[in-house]
Each structure stands twice: as C-alpha cells, then as structure tokens.
There are 2 protein chains.
Amino acid sequence: MVTIGDVAKAAGVSRSTVSYALSGKRPISPEVRDKIDSVIRSLNFTPNAGARALATSQTHVIALLAQFYADEFAPAMMQYILGVTDRARDLGYDTLLVTEPDGVAALRRISNSRMVDGFVLLNVAEHDSRLEVLRKAGQPGALVGLPGDPRGLDVFDLDFEATGALMVDHLHSLGHREIILVSQPQHVVERGGAYVWRLADAARARAEELGIRLHAHHSASSQPEVGTDLARLLETHPDATGLLLNNEAAAAALPSVLSARSLRVPEDLSVIGRYSDDFARTFSLPYSSVDSAAAELGRRAVEQLVAHIQGEADARVVELTPPKILDRGSTAAPPA
Amino acid sequence: MVTIGDVAKAAGVSRSTVSYALSGKRPISPEVRDKIDSVIRSLNFTPNAGARALATSQTHVIALLAQFYADEFAPAMMQYILGVTDRARDLGYDTLLVTEPDGVAALRRISNSRMVDGFVLLNVAEHDSRLEVLRKAGQPGALVGLPGDPRGLDVFDLDFEATGALMVDHLHSLGHREIILVSQPQHVVERGGAYVWRLADAARARAEELGIRLHAHHSASSQPEVGTDLARLLETHPDATGLLLNNEAAAAALPSVLSARSLRVPEDLSVIGRYSDDFARTFSLPYSSVDSAAAELGRRAVEQLVAHIQGEADARVVELTPPKILDRGSTAAPPA
DNA sequence: CTGAAAGCGCTTACAG
DNA sequence: CTGAAAGCGCTTACAG
C-alpha cells in the first residue's frame with residue numbers, strides 16, 4: 001500500500017507538506033505543489049480513510065437506517081434510499097446502509113464505534129425507540145417521517161394532513177358528495193405509522209366541514225386480500241363516486257378490480273392515490289396522485305444532516321412538504 | 001469519548017489486557033475478565049472502528065456497488081440489496097451502499113482509501129469496465145450477474161440459459177406449438193445486459209429442437225409503450241397460445257392488456273414470467289414465473305466474499321442458480 | 001513556505 | 001497470565 005510517507009519521500013518533502021498540499025490548509029509553493037501532485041498521480045495515492053478518520057474524528061460517512069417490514073411495501077423504499085445516497089455522495093459522503101431489524105442496537109453500535117458522522121432514519125414511527133438513543137448519540141440525526149416528538153432532530157416528511165384535506169377538496173370541487181378512503185392496514189397504524197391516521201383524520205375533518213360523506217377504511221396491503229377488500233368496499237358503498245388511496249398495494253390492485261366490475265375511470269369513479277411518481281410509471285397506474293416525494297425527502301434530510309455535521313446549521317428544523325396532485329386524468333365530475 | 005485507556009484505568013489493568021479480553025486472543029484470568037467486562041458495560045465502551053481498522057487493516061465493511069439506470073426497473077434492485085445487507089450483518093459486516101453513476105471511479109476511490117474489505121457488484125454487464133479495476137484492487141470481489149469474462153472473481157447469477165429452455169419445455173409439454181417471448185428493450189442488451197440474449201438464445205434453440213415456433217421480441221420497459229407493444233404482439237401472432245416474459249414491466253402491464261382484449265389466462269393464453277416472487281406478490285401478478293432469486297443471489301455473493309476476505313475460500317467460483325417455476329396456475333393446454 | 005514531532009485509539013509482537 | 005512499547009497512516013499545533 002502506498003502511504004503519505006511514500007509520497008513525501010518520492011517528492012523530497014516532509015509528510016506534513018504532503019498533507020497540507022492535500023488539504024490546502026496552508027500555502028505551498030507552486031513548484032513543491034506540482035511535484036507532489038505528479039507523485040500522487042504516478043503512485044496512485046489515496047489517503048487511508050481509517051487513518052484520516054482517527055486523526056480528524058471525521059469519517060465522511062453517514063449511516064442510513066432503514067427498517068423493512070415483511071408486510072410493507074419494500075420497493076417504495078428504493079426511492080428514499082437513492083435520494084439519500086446520491087445527495088450524500090454529491091456532498092462528499094458515503095452511505096452505510098443499515099437494515100438490521102433491531103434498529104436501536106444498530107444505532108448504538110454504529111454510534112459508539114464512531115463509524116459515521118451522522119444518521120438518517122427512514123420509516124420513523126410515532127413513538128420510535130430509536131429516537132432517544134439518537135438524541136444521546138454523539139452524532140446528529142435527520143429523520144424521514146414525522147414522529148410524535150421531534151425535539152432535537154431534523155425532520156422531513158410529506159404533509160399528510162394537508163394531503164388528506166387536498167384530496168377531499170379536489171373531489172368536492174368536482175361535485176363529489178360521497179367518497180371512500182382506503183388506508184394502509186390497521187397493523188401499520190399500530191406499529192406507529194402515524195401518516196396513516198394523519199391523512200385519514202384530516203380527510204375526515206375536511207369532509208365534515210364540507211358536508212360530504214367519507215367512508216374511511218383500512219385494507220390489506222397484499223394480494224389477494226387487498227383485491228377482495230377493494231371489491232367489498234365498492235359493493236358496500238355503491239353510491240360513492242370517488243376513491244382515495246393511501247395504500248400502494250391497493251393502487252396496484254385497483255385496475256383489475258375495476259375492470260372485473262366494468263367500472264371506468266373517471267366516468268364511473270374518480271380516483272386519487274398517494275404514491276411516488278416512479279411507482280406510478282413503473283406500474284402503469286393511471287390514477288392522479290399526490291407524489292410522496294420520496295427521493296426529495298431523502299435528499300433534504302441529507303442536506304440538513306451534512307449542514308449540522310459541518311456546523312453550518314443554525315437550528316433544528318421540521319419540514320413538511322406541501323402535497324401536489326399529479327394529474328393523470330382520473331378525476332372528473334361524478335356520473336349524473 | 002470513552003477509549004480502551006479509560007477502561008484499562010478503571011479496571012486497573014493495562015490497555016493490552018483489555019484488548020485481549022475483547023478479542024479473546026490470549027487467556028485472561030477469570031477475575032480480571034469479569035472486572036473488565038463489568039467496566040466495559042458500565043462505561044458503555046465500544047472500540048473505535050477507525051482505530052481498529054488502522055491497526056488491523058480490516059474494516060469489517062463491504063461495499064455494495066449498485067448501478068441504476070433511469071430506464072430500468074429500480075424496485076427489483078431492493079431485493080438484491082436486502083439479501084446483501086442482511087447476510088453481511090449476520091456475518092459481522094456492515095455495508096456501504098454505493099450508487100454513484102461512475103462505478104469505475106467509485107471502485108477506485110473506495111478501494112484505494114481502504115474503506116472496505118471487499119466488494120459486491122450488482123447489475124454486472126457483459127463487458128463491465130468495473131471488472132478490470134476490481135481485479136487489480138487490493139480487496140476481493142463478488143459479482144451478481146455473469147460477465148463475459150469472470151476470471152479472478154466470484155460470480156452468482158440465475159442460470160438464464162436453463163431458464164429459457166425450461167420455459168419453452170414447460171409450454172411444449174402442455175401442447176403449445178407457437179409461443180411469443182417478450183424480452184427487455186434492445187437498449188438493455190446494448191448496455192451489456194447479457195441475461196436478455198442468454199435467455200432468448202436458449203429459448204430459441206430449444207424451440208427449434210422441439211420443432212415449435214417461437215416469436216422473440218423486445219418490448220419497452222415502461223408505460224404506456226409497453227402496453228402498446230404487448231397489444232401489437234398479440235395482434236401480430238394471433239395463433240400463439242403461450243407467452244414468455246423476460247421483462248418485469250411487461251408482466252406488470254399484461255393484466256390490463258389482456259382484460260382489454262378479453263383474453264383469459266390460462267384458458268386462452270398460457271403465461272410464464274421471470275421475476276421475483278416478491279414482485280409477483282406485491283403487484284398481484286397471477287402468472288407462474290421463474291423466480292429471479294434476487295435475495296438469495298445477494299446472500300450467496302456475500303457469503304463467498306466474506307469467505308475470501310477471511311481466507312477461507314479455496315478457489316474462485318461461478319455459481320448459476322437453476323431455474324424453478326413457481327406455479328400460479330397460469331399455464332394449461334392450449335385452446336382446442 | 002516547510003519540517004520534526006506528538007497524537008488520534010487501537011492491536012500485537014516482545015518480554016517477563 | 002500480564003504489561004510496556006512500537007506501530008498502523010494520517011493531521012496539526014509548534015517551531016523556524
């Protein structure tokens with residue numbers, strides 16, 4: 001392995017001079033700098049990351065803690081992850097992807113061993129046991145997902161309350177007066193998936209305000225149950241003219257359910273989902289939707305985290321992204 | 001930060017004794033060991049990873065190089081990644097997820113800086129420019145995806161040739177004599193996606209052997225083009241009774257194409273796909289398929305890589321997983 | 001503008 | 001069974 005000592009020797013200077021040439025932290029004469037640069041290139045020298053971390057207490061690595069539940073929609077996670085890793089690299093950081101089931105233990109282990117300069121947590125729950133560990137950790141943290149108590153941490157999430165209200169507003173303004181909301185399964189709520197009830201509660205409140213009927217239900221998040229659930233809901237509420245989906249699997253299952261019942265969108269039924277644009281494109285979902293902005297949330301979390309690591313962040317921040325409807329033509333006035 | 005020196009002082013022993021107690025590399029008297037253990041717990045000591053890496057030249061981190069193409073099926077990647085990260089952790093390794101577009105530069109940078117003990121490469125192409133860099137790197141590497149020249153590297157992939165033959169065999173044995181194969185887009189092949197032609201060539205060869213007609217086509221991998229492509233193929237080959245899919249997006253788009261044409265599976269058309277079981281479940285794809293075994297391939301790659309890192313691997317290995325059809329009842333005898 | 005030296009927190013021969 | 005010391009490859013005050 002080629003070390004800074006090898007470079008120094010070959011360039012005929014001291015190790016500290018090479019180090020300063022690398023970091024630019026003090027002036028180097030042009031000749032010396034050129035000599036060092038050429039030696040570095042010819043020897044193909046790259047500083048040893050471990051040694052540098054030991055000397056500076058900076059690893060230039062962030063940890064990304066992702067939790068996967070067997071019953072949740074794994075592919076959606078990819079967009080968050082890419083947002084994080086891509087932005088991190090742009091800012092000069094590599095990303096340690098941590099997927100072990102015991103997030104608390106992982107956080108402790110990685111924090112204590114000083115492998116990283118900071119943490120990004122995905123899939124944050126209402127009462128997330130990782131947060132108290134994170135608050136005591138020596139490194140800053142940013143969350144994707146709004147917990148009950150965000151104190152001391154940077155938080156990024158879609159504004160699910162505004163999303164619920166917006167969906168209802170949209171259908172109401174088209175003339176709908178009875179609509180169905182399909183949420184994630186009950187057990188997602190029980191696990192602390194606050195976005196489920198945040199959207200549902202806001203939708204319910206807005207519906208009441210506007211004087212329209214909203215039937216809020218949970219459905220399964222995998223086949224074949226989700227298909228059955230959807231069919232049953234349509235049957236139970238034959239007068240509903242609008243459908244709101246806060247459940248990716250339900251969105252994926254809907255086309256076949258509707259075609260089996262010969263229901264056309266938007267002629268017979270207006271539909272709005274809440275999922276990522278990428279998801280919609282991949283699975284050819286023809287429904288207008290509120291974009292979950294996964295990659296963007298991941299990017300923002302990293303930016304804020306890095307600002308904190310580098311001491312440039314003034315204060316802690318809770319940033320809720322306003323919902324936007326991507327119009328795919330799946331809503332219209334209700335059938336006469 | 002609490003260091004090994006703090007532990008030593010509190011336990012009244014030398015730093016080396018604490019280190020040996022940690023590693024178990026030499027005998028420690030029971031009393032001393034107990035004392036050290038209790039101090040470690042009370043001080044919540046974890047060795048500094050950078051310092052340890054510097055001293056041992058072992059980071060206990062592996063790099064996972066994943067390439068994402070805008071036109072490819074990103075969600076499918078998740079299963080490979082989880083297979084890698086989960087198995088790595090079981091074996092005592094953390095995973096650096098590297099997604100930057102220039103894989104060659106990333107590999108060089110990470111290898112030279114000694115951040116990791118080894119590499120797993122995903123999405124390996126027929127002529128993959130990362131491979132020559134990897135062969136010269138100081139760390140071992142394992143590939144998911146069979147390149148043209150696998151020398152010096154461990155390779156894990158689905159046996160796509162056997163897959164092509166198996167799919168054709170299966171339909172032939174049910175009585176089909178004219179079938180369509182839908183592959184990934186042409187540009188995936190051009191990028192070096194050898195699995196596309198490996199499956200197609202083997203399917204073609206087997207079809208010829210058996211004396212049945214095989215229409216092999218590429219189709220788009222996103223909507224709405226893929227839907228149009230499928231509809232056109234069915235139109236062009238009205239006598240085909242079987243459909244083979246080596247294109248996830250086509251599989252996802254097929255249900256609505258078929259329902260628009262009132263074609264029933266398997267009564268009117270037999271269908272076999274090639275994708276992960278997870279993908280099938282999430283998107284309620286009702287077609288029998290050859291499982292792409294993503295997580296398993298990721299796991300095997302890590303196991304072999306770690307064996308090499310730890311000097312336990314005898315030789316380099318090319319492991320092609322035999323295809324298995326998951327029967328979802330989408331194939332039957334052709335219509336009379 | 002440059003160099004010699006201390007120090008980061010570990011591990012591991014060497015010595016007893 | 002245990003300790004004192006060297007060394008891993010960097011960075012950065014300190015000194016000139």
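The values are calculated or read from the model by the stated rules, or taken from the named source; none is laboratory data. From a predicted model like this one, the values you see are computed outputs, not experimental measurements. Please note: Cβ atoms are built from the backbone with ideal geometry, for glycine as well, and neighbour counts cover all protein chains shown.
Here are some notes:
- Which numbered condition A:Tyr80 fails, given (1) over 18 Å from A:Tyr195 (Cβ atoms); (2) within 12 Å of chain B (Cβ to nearest Cβ); (3) in contact (Cβ under 8 Å) with a residue 60 or more places away in the chain: (1)
- Of the residues making up the stretch B:27-54, those that are near DNA strand D (Cβ under 10 Å from one of its atoms) and either at the interface with another protein chain (Cβ under 9 Å from one of its Cβ atoms) or under 33 Å from the mean Cα position of the chain (by Cα) (or both) number 5.
- Residues that are surrounded by fewer than 24 Cβ atoms within 10 Å (Cβ to Cβ) and of a type outside the set (Ser, Thr, Tyr), drawn from the stretch B:252-268: B:Pro255, B:Val257, B:Leu258, B:Ala260, B:Arg261, B:Leu263, B:Arg264, B:Val265, B:Pro266, B:Glu267, B:Asp268
- Comparison of A:Gly148, A:Gly141, A:Gly103, A:Gly118 shows that the only residue that is surrounded by fewer than 18 Cβ atoms within 10 Å (Cβ to Cβ) and away from chain B (no Cβ under 11 Å) is A:Gly148.
- Evaluated against (1) in the same structural domain as B:Thr241 (by TED's automatic domain parsing); (2) closer than 30 Å to A:Asn44 by Cα, B:Asp169 falls short on exactly one condition, (2).
- Test: B:Ala207 is surrounded by fewer than 20 Cβ atoms within 10 Å (Cβ to Cβ), of a type in the set (A, V, I, L, M, F, W, C) and assigned to a helix (DSSP H, G or I): no
- Test: residue in the stretch A:85-96 that is under 15 Å from the mean Cα position of the chain (by Cα), hydrophobic (A, V, I, L, M, F, W, C) and either within 16 Å of DNA strand D (Cβ to nearest atom) or buried (at least 19 other Cβ atoms within 10 Å of the Cβ) (or both): yes
- B:Ser14 being hydroxyl-bearing (Ser, Thr, Tyr) and within 10 Å of DNA strand D (Cβ to nearest atom): yes
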